[in-house]
Amino acid sequence: MEMKTNYRLLLIILITSLVAVQSYALTPTAKATKKTTGGLSVSVTTSTAGGNYTPRNIAAIWIEDNAGIYVKTLLVNAKKQMRFLTNWLTKNPNAEVVDASTGATINDYGPLTGTWNGTDVAGNVVADGTYRVCMEMSDSNGTGNYAYFTFTKGAAADKQTPANKPSFSDISITWTPK
């Protein structure tokens, strides 16, 4: 009799364990990543970095995730002198400019604008979260000034006017969800 009771008890424990394991396996452990569509507009006014080619200069504006991983270029104005956009090329060694506004060396300082549709270079909408707008400008045969500003891509609008940085002023960054 005692043997049958032990088998029954063992069977109950085994069934209970299987139900618990099966229930755990069916429970979602990670929330689905939200990917809000929308648009980002960036504007900035450039000024001299003190280089020997002033007022001629080269510039790039691009997006990175919060870990500093390259996402997409918004603007690059540099053809022959592109090698001096060292921060941009470090993040984007193939000089990828899909959907970017591109042009030759700029003849004077002034306003630059760029837009982003929330996608990576493959055209995929990226996950919501904190991203960086990165800017680089050089007016010499060397690395110029670089700055980045964070913003939140998501279901809520995010409008920022960060403080000026060397060579970058009147900065406006606006994320508008659809």
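The values are calculated or read from the model by the stated rules, or taken from the named source; none is laboratory data. This one's a predicted model, so the numbers in the text were calculated from it and none came from an experiment. Quick reminder, even Gly has a Cβ in these numbers, built from the backbone with ideal geometry, and neighbours come from all protein chains shown.
Just one of the listed residues (ALA60, ALA67) is under 22 Å from THR119 (Cβ atoms), at pLDDT 95 or above and assigned to a strand (DSSP E or B), namely ALA60. Considering only residues in region 39-57 that are in contact with a Gly (Cβ under 8 Å, 6 or more places away or on another chain) and part of a loop (DSSP other than H, G, I, E, B), the one that is nearest to PHE151 (Cα to Cα) turns out to be ALA49. For region 85-93, the criterion of a residue being aliphatic (A, V, I, L, M), over 14 Å from the mean Cα position of the chain (by Cα), on the phi < 0 side of the Ramachandran plot and not in a strand (DSSP E or B) is satisfied by at least one position.
Just a yes or no: is a residue in region 110-123 over 17 Å from the mean Cα position of the chain (by Cα), under 19 Å from ASN141 (Cβ atoms), in contact (Cβ under 8 Å) with a residue 12 or more places away in the chain and surrounded by 13 or more Cβ atoms within 10 Å (Cβ to Cβ)? No; the residues of region 110-123 include none that is over 17 Å from the mean Cα position of the chain (by Cα), under 19 Å from ASN141 (Cβ atoms), in contact (Cβ under 8 Å) with a residue 12 or more places away in the chain and surrounded by 13 or more Cβ atoms within 10 Å (Cβ to Cβ).
Kindly evaluate THR54 against the criterion of being over 17 Å from ASN117 (Cβ atoms), out of contact with any Asp or Glu (no Cβ under 8 Å at 6 or more places or on another chain) and touching a residue at least 40 places away in the same chain (Cβ under 8 Å). No; evaluated as a whole, the condition is false for this residue.
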